[in-house]
Structures are given as structure tokens and as C-alpha cells.
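Step one of this worksheet: look at the structure below.
The values are calculated or read from the model by the stated rules, or taken from the named source; none is laboratory data. These numbers were taken from a predicted model, which means no experiment stands behind them. Please note: Cβ atoms are built from the backbone with ideal geometry, for glycine as well, and neighbour counts cover all protein chains shown. When the accessible area is computed, the model is the full protein with side chains, heavy atoms only, and any ligands, DNA or RNA have been set aside. Shrake-Rupley method; radii C 1.70, N 1.55, O 1.52, S 1.80 Å.
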Amino acid sequence: MSITFSVKDHAVTNADFAAMAEQIKACHAALHNKTGKGNDFVGWVNWPTAYDKDEFARIQKAAKTIQDQSEVLIVIGIGGSYLGTKTALDFIRTPFYNERKKDTPDIYFVGNNISSAYLNDILSILGNRDFSVNIISKSGTTTEPAIAFRIFKQLLEQKYGKDGAAKRIYATTDRARGALKTMCDAQGYETFVIPDDIGGRFTVLTAVGLLAMAVADIDITQVMAGAQWAEATFSNPDVLQNPCYQYAAARNIFYRQGKSIEILANYEPHLTSFGEWYKQLYAESEGKENKGIFPVCANFSTDLHSIGQFIQEGSRYFFETVLWCKEPKSTVLVPFDEEDLDGLNFMAAKDMQFVNSKAFSGTMLAHIDGGVPNMVIEMERMDAWHFGALVYFFEKAVGISGYLLDVNPFNQPGVEAYKKNMFALLGKPGYEDLRADLEKRL
Ligand code: PA5
């Protein structure tokens, strides 16, 4: 059970890491001693050991109740209030979780867009089935989940009455503030806490992710065990001894060489949504003050048939990090064919994972030859333990990486700009002047 990291083809060497050792130590100290930028949002650093054990037990109990009384769980949230949860289901279970025959409720995610077509599709898939809702919003004021919650709350109240609905609504939100918290207190919904000192995109190991994982019968104690291992393993301030810090340092070295895009590539559809989670974590943490590495994800071998040409021969301003899993979840052998009309018998009886691994190695070397530096983050298998460990690896690395860039990795001031314009254009009271200005420009 481990997570390993390597830079391929000596693109970055131990001497390069050693040259950054003091800088990394300073970033480590700022993070651990809470003296760096955004220091009121670093609660995630020791969360795997410091998490609230009583609340953890309450999450397990609530999950059991949801399993007993519902065929479907509707998870409402956006950004950090949903991406990690979706990732966990795909990674630990399968992207086909809902389609698979199982004893646990189907889980659908809503409130992560403003599409009426999407919402109507989920409503029709839900049909008359018994359901519960987990509304997740740290601020309690985000428009997308708030609209979806209105709809599903009304549906629950029509179906089960106000009191019955209240027993099926679980809210994960701020301990004390926000419209959602006020509503929960008034209506008597069970609430779970998003800690004050953990920003949205760092919350998957809190109730935000854990409740739905437990509903899907994921062993959340194993998730936390993996994260605890990572917390201990990646707390060594010495970059030469710390693979997580080496990843952060290597990214910074490539960035300073003019490579301002990172492609996080995987060879496994179970990891596609992990890429989406990583995109939010890295983009919102680093993209500030006209600085940062733009995070992109690629799903291979699928995307080798779409963006593969560009990666091989297009403009050279990116580097690639491959997320590789050694053990497949299951095996399929390439069959032997008497006629061999497709000429594939040289692969007959080989496991598809073996073929996939050769696609990975061959692609990596081709990309390196094409001028794209490659790094590899490798895990043994896609299970609950490795999920917790990998989440923590990426969180810790972006904390260090953000400090290396000298930005505050834990705020997201830029996401407010579009919201202000949207509210003005929707006619929210107080935004009249802005609305007049914007309408002139449209
Ligand atoms: O990382 C963040 O803080 C944001 O991306 C939030 O996760 C996202 O905007 C959702 O916010 P909230 O949970 O307050 O509804």
C-alpha cells in the first residue's frame, strides 16, 4: 500500500531538488506552523488524524438510515461540495455504480450546473422511488445547489409531508453561518459540519465526501486510514525524502522553464473524475495574480485519439503527469482467433492491463521524445485506502506548490466576478447600476 512519485528521463534531478531544499522547508514550515498566506484555511493538513470522531460515527449512522429508507440518494452541491464525492464513487466503486446491481441506493449528483434538461432527466430517472437528499454547501448561498435544493425539498414535502421530508434531508454546511444552516435549525434537518478552517476544494475527507461514500458501502475508515498514512508519510520537510514535495518542486521547476500547463493523464476511466477534482483543486489554488500552472486532464488511451497529435507535436508549453494504477480492478484476456484476420494473435492470452501498461510506457517515451517532460504518480490499486492517500498527496502538494508561487493557495477571490454579473443580470436588488452597465455591453 503506497503512493510513489518519479520524474522520468532525468528531466528533474536530485540536484535540482536539493537546490530547492531550503525553499521547500520554508513552505513546509509556513503550512505546518500556520504562518503562511491563507493560514486560517489549513485545517486539512492534520485533518486525517484530527477529524471529529463523534461526527464520523454519526455519518455512519445516517448512512445506514439512508440505506434503509431510500432507493436513491440525491447529492446536491457544486465545486468542492461535489467533485470529490463523485470522484470517490468512481475511483473506489465504479463509474457505473448506479447501473450495477447492488443493495445500496443509487446516487445522483445535482445542483452542479444550471441546466433544466439535466435536472428533468434526473427527476424522471428518480421516478416514484423513495429518496433522501444530502444538500452540501459551505456558504449555504451558492445559486446552483440552492435552486436544486428548492426543487427536491418541495418534492420530498409533497411525497412525505413536511415532517417526513425533514427526516430525509441531511445538510452538510458551515457550523454556524449561512442561509442553509439557518434553514436546518428552523426545520430540524440533521446537519454535518464543514470545518471553518477547511476550504471547499479540500473537504472531500470531511462529511462532504464521507456521507455519500458510506451510503455506497465504501469503508470510510479505510479512506481515513489511507489519508493518515499520507499525512505521516508526506510530512517530512526534506524534499529529498518526500515524494509529495518532489512533485510540487518539479512542477515549479517546469513552470519556471515556461511550461505553464500540466496535463494530468490517466489510463483508467475510473480515474476520469479524479482529474475533474484535481482540476478544481489546482486551478482554484494556484491561478492567481497572473500566475499558476493551468491544470488539464486527459483520459488515455481514449484521448490519444483526439489530443494525442497535439501533445506529440504541438506547441511545447506543457508537461505531463501520469496517474498510474498497478493492479486493475478486474482482468480480461485478449482472445485467440483462429483466422487472425486483424493480426492481433501476438497479444492473445495477454491481460488487457498488460496491453494498457505498454500503451502507457510507449506513450510516455514518445511524449518525452516529443519534448514533453513526464512524471508518474503510481498507486497499487484503486481502493478506499489509496483514495484517501492520493487525495492527501494532491492536497499537500498544491499547498506547497502554491507557496512556491507565493500566492495564497486557500482563497478563491476570482470566482466571485461572474457571480456578481449573474446576480446583476438576474435583477437581484442592490445590483441595479451594475446591471445597467452590463446590459449596455451585451
Ligand atoms: O473551493 C471552493 O471553496 C469552491 O469552489 C466551493 O467548493 C464551491 O464554490 C461551492 O461552494 P459552497 O460549498 O459554499 O456552495
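Taking every C-alpha pair closer than 8 Å and separated by at least 6 residues, the mean separation divided by the residue count of the chain gives a relative contact order of 23 percent.
A 1.4 Å probe, protein heavy atoms only, puts the accessible area of K420 near 110 Å².
For L438 and N113, a Förster radius of 25 Å and the Cβ-Cβ distance give a FRET efficiency of 0.70, rounded to the nearest 0.05. Counting only lysines at least 8 places from K350 when in the same chain, those with an alpha carbon closer than 26 Å to its own are K326, K329, K358. Here r is the Cβ-Cβ distance between Q309 and Y160 and R0 is 56 Å; the resulting FRET efficiency, rounded to 0.05, is 0.55.
In the stretch 158-225, Cα pairs under 8 Å separated by at least six residues give a relative contact order of 24 percent.
Figure legend: label point modelled 7 angstrom from the Cα of I261 along Cα→Cβ; residues of the stretch 347-380 with amide N under 20 Å from it are 363-376.
Stokes-Einstein diffusion for the chain at 4 °C, viscosity 1.567 mPa s, with a Kirkwood radius from C-alpha pairs, works out to 56 µm²/s.
With the whole protein complex present, M382 retains an accessible surface near 10 Å², based on a 1.4 Å probe.
Rg then Dmax, both in Å and based on the Cα atoms of the stretch 2-114: 20.5, 59. At R0 = 60 Å, how high is the FRET efficiency between A186 and D337 if r is their beta carbon distance? Nearest 0.05 is fine. So, using R0 = 60 Å, E works out to roughly 0.35. The angle between the Cα long axis of helix 143-166 and the longest principal axis of the Cα atoms of the chain comes to about 50 degrees, rounded to the nearest 10. A simple packing score, the average count of other Cβ atoms within 10 Å per residue, orders the peptides 301-307, 253-259, 241-247, 336-342 as 241-247, 253-259, 301-307, 336-342, with the highest score first.
Calculated on the Cα set of the stretch 130-171, radius of gyration then Dmax: 10.2, 28 Å. The slack in the chain from K8 to D406, taken as 0.36 nm per residue of separation less the alpha-carbon distance, amounts to 140.6 nm. Sorting F41, F346 by accessible area puts them as F346, F41; the probe is 1.4 Å, largest comes first, and only protein heavy atoms count.
Run the accessible area of the stretch 29-85 with a 1.4 Å probe and give the carbon-and-sulfur part as a rounded percent. C and S fraction of accessible area: 50 percent. Taken per residue, the accessible surface of the chain reaches 44 Å², heavy atoms only and a 1.4 Å probe. Each residue, E55 and Q23, gets one label point 7 Å from its Cα in the Cβ direction; the gap between the two is 3.6 nm.
The accessible area of E22, taken with all protein chains in place and a 1.4 Å probe, comes to roughly 130 Å². Which aspartates and glutamates have a Cα lying under 14 Å from the Cα of K167, excluding residues fewer than 8 positions away in the same chain? The reachable aspartates and glutamates, counting only those whose Cα sits under 14 Å from K167, are D68, D130, E157, D185, E190. For the set K259/K291; K37/K86; K25/K396, the pairs lying more than 23 angstrom apart at their alpha carbons are K37/K86.
Computed from the alpha carbon positions, the gyration tensor of the stretch 234-340 leads to an equivalent ellipsoid with semi-axes of 31, 19, 13 Å, biggest first.
Label-to-label distance for N236 and R177 is 3.9 nm, based on points extended 7 Å past Cα in the beta-carbon direction.
Diffusion of the stretch 299-371 by Stokes-Einstein, at 37 °C in a medium of 0.692 mPa s and with Rh set to the Kirkwood radius over alpha-carbon pairs, works out to 231 µm²/s. Ligands, DNA and RNA left out, the accessible area of the stretch 245-387 computed with a 1.4 Å probe is 56% carbon and sulfur.
Taking 0.36 nm per residue of separation and subtracting the Cα-Cα distance, full extension of the segment from N290 to Y317 would add 8.1 nm. Rg then Dmax, both in Å and based on the Cα atoms of the stretch 282-327: 13.1, 41. Working from label points 7 Å from Cα in the Cα-to-Cβ sense, the E99 to D40 distance is 4.7 nm.
Sorted largest first by accessible area at a 1.4 angstrom probe radius, with every protein chain in place, the residues F300, F96 fall in the order F96, F300. With the cut-off at under 18 Å, measuring from each backbone N in the stretch 103-118 to a point 7 Å along the Cα-to-Cβ line of R150 picks out 110-118.
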